[in-house]
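Here the structure comes first, spelled out in structure tokens, and everything after it is commentary.
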Amino acid sequence: MSAKAPRIVGVLVAFLAGLGVFLGIIFLVTGLAPVPNAGAATIGGPFHLVDQNGKPFSNKDMIGKPYLVFFGYTHCPDICPTTLFEMSQLFRKLGPDANRVGALFVTIDPERDTQTVLKDYLASFDPHLRGLTGDREAINQAIKDYRVYAKKVPLDGGDYSMDHTAIVYLMDKDGHFVAPFSMQRTAGAEAAELRRYL
């Protein structure tokens, strides 16, 4: 083996590693999955919660339509209201097709986000958005199944905020994870992607 061989191998390994990171970033930013349902076995799962109208709601209620899932909380100062506003714009862009898809806003703060609080909060957004809460055990299980990061951050005066993942999950008609859904596009582009799964 020549003296240059180890160096060439090293450069090749570094290139392949960089390519992997680049493709990973493209995957997260664009929300496009190279293989549909590639993450189906690791993200998502059954849940039994309560919606903003006080009705029991489970993953089975979404079977038959593609849907988006976003974890957040009503006291969130920026990311959550912005994401829900963008989802509302998306549903308006979908027109009649809006009834053929769904969107879930799952609280990570069930102690404060009761059914009544969620209902009042979601009144400012598109009516297709469904808010979900439940007991701490059920919420923790959903957080775990969707691989969401959520952590309570104490504030002065005994109050607290929540650090959390800001990913919107795209699920197919069977409730399988497809890919992160990018809300950084035009509502038209987002609507076109959702229609692919109808």
* Fewest to most neighbouring Cβ within 10 Å: what's the order for Val101, Val69? -> Val101, Val69
* If you count the DSSP beta bridges with both ends in the stretch 35-143, what percent of them are antiparallel, to the nearest 5? -> 35 percent
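How far, in nm, would the chain grow between Tyr197 and Gln184 when pulled straight, counting 0.36 nm per residue and subtracting the alpha carbon separation? If you can, show how the numbers build up before the last one.
Numbers: separation 13, 0.36 × 13 = 4.68 nm, distance 1.93 nm.
Once the chain is fully extended between Tyr197 and Gln184, it gains 2.7 nm.
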* Structure fact -> When Ile139, Ile63 are arranged by how many other beta-carbons sit within 10 Å of their Cβ, fewest first, they go Ile63, Ile139
* Asked: Out of residues 5 or more away from Tyr160 or on other chains, whose amide H comes under 5 Å of its own, with H placed 1.01 Å from N in the peptide plane?
  -> Leu155
* Asked: Treating the beta-carbon of each Lys and Arg as +1 and of each Asp and Glu as -1, no other charges, what is the dipole magnitude of the stretch 37-195 about its Cα centre, to the nearest 20 debye?
  -> 460 debye
* Asked: Under a plain spin-label model, where a point goes 7 Å from the Cα along Cα-to-Cβ, how far apart in nm are Asp145 and Lys173?
  -> 2.1 nm
* For the stretch 42-170, what does the alpha-carbon gyration tensor say about shape, rounded, prolate or oblate, given a ≥ b ≥ c as the root eigenvalues, a/c under 1.5 as rounded, and a/b over b/c as prolate? -> prolate
* So, in Å, what gap is there between the alpha-carbon centers of the stretch 85-116 and the stretch 135-190? -> 12 Å
* Put +1 on the Cβ of every Lys and Arg and -1 on every Asp and Glu Cβ in the stretch 50-198; which of Gln184, Pro110, Leu170 then has its Cα farthest towards the positive end of the dipole? -> Leu170
* **Proxy reagent accessibility, fewest Cβ within 10 Å first, across Val117, Val153** => Val153, Val117
* Structure fact -> Here the gain from full extension of Asp78 to Asn53, 0.36 nm per residue of separation minus their alpha-carbon distance, amounts to 6.5 nm
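Any read-out appearing in this document is the output of simple, stated calculations on the displayed coordinates, not a laboratory observation. Please read these numbers as outputs of a predicted model, since none were measured by experiment. Positions of Cβ are generated from backbone atoms using ideal geometry, with glycine treated the same way; all protein chains shown enter the neighbour counts.
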